Amino acid sequence: MQIDLGPAHDLAKRLSTMESNIAKLSTRDVLQNASIGTGGLTVNGGSINITGGGALTVSGTATFSGSLTVPAGSLNTGGAITAGTSVTAGTSLNGQSLALSGGSGAVTGVSSLAATGALSGASLAASGAVTAGSLSSVGGVAVGGAVTGATTIAASGAVSGTTGTFNSGIYSTDARNFTVVTGYASSWIDSSGHLGISASTERFKKDIAPWAGIDPEVVLSILPMQYRLAIPDRIVPVVDESTGVQALDPETGLPVTRIIAGFEEAETDALHVGFIAERLVEAGIPQTVVYDSDGLPVSLNYSEWVIPQQVALRYLRGLVTAQQVQIDALSLRLTNAGIV
C-alpha cells in the first residue's frame, strides 16, 4: 500500500503540527468561528475561548472540564453543553440544554439565555430575556428582561428580573417564617396572573360616588360558615437534596415533578371559617367575588367585603339612632305624665 503525503513529505513535522493543534484544543483554543458536529467534543484539559465576534454552534454534545467563552458572539446548541466552571456568551446563549457540571460555576449571557431543555449552574445571569424548560441555580438568577419558564425556576440565592411567567406556580420555603414589619401592602393577582397592589388613593379613581342599590338587610343575611377544604391534586417540583434545586431527569435533562393528591395535604382536615362566594353572587353582591378563567366564583375578596359590612353598620346605626329618638320621646312623655 502506498501513502501519498502530498507536497510535505516530512511525516514527523506533520505529526508534530497535529499534536500542537490537539494540545491547543485541550488547553485553550482561540477561535473566531467554530462548529461541533453530532459526534460531539470533549475537552479534558482546559477551556475554549471563541474570539473576534464569532459564534459556536454545537449539533451534538460538548463537554469542557474548564470554561466555554464566546465574549463577543453567540453560543447555539441543538444538543447539550456542559462545562466545569463557566459558560459565557457576549450576545446570546441558545440551545437545548446548558449546564455546569456539579453546579460549580456561572452561566452568563450578556444579552439573552434560551434553551428548550434546562439551564443550570451556580448562577444564571442575562441582561436581556431568559427562556427555558427549567432554570436551576445553587446561587442566584439575575435577569434584565423577561423570564419565561415552561416548568420551574429554582435558586438557592436571589431571583431578580423585570418580569417573569411561571406556569406551575410560585413557591417560597421561607415566606411563612418572614414577618414584614414596615412598608407592607396587600398583594393581589389580576386575571392575567400579575402580582400587584390595589390602590385606594383617589388619584387612581374616577366617577367616585356613594354605592347605591345594595340592601343592608341582604348583607346581614349572609351567614359565615365553617368548612373543610377539598384540595385538588397539584404538580410540585422534586428537589435534589444535594443541590437544593429542582432535580433533572438524567436521560432527558427535563425537570422532575410529582403529583400531590389533595388528601396528602397536611391541613385538609382542619376546620376553617369564612363565607361562600356563590352565596354572595346569589345575594346580588358580585362585586366582592373573584372569578376564575371560566367565569365561575372561586374566591371572596375579603378587603372589599368590608364595604358591604360598612353599609350594614351604617344602616344599623340609623336604626339605633331612630329608636333612641323614639325612646327619648317616650321617656319625656312619661316624665311629663308623672309616671316616671
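Rule-based calculations on the coordinates, nothing more; no lab input. Just so it is clear, the model here is predicted, and its values are computed rather than measured.
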**Asked** Just the Cα atoms of the stretch 181-340: what Rg and Dmax do they give in Å?
**Response** 25.7, 99
**Request:** Before anything else, pin down the relative contact order of the stretch 251-340: Cα pairs under 8 Å, at least 6 apart, normalised by residue count, whole percent.
**Result:** 14
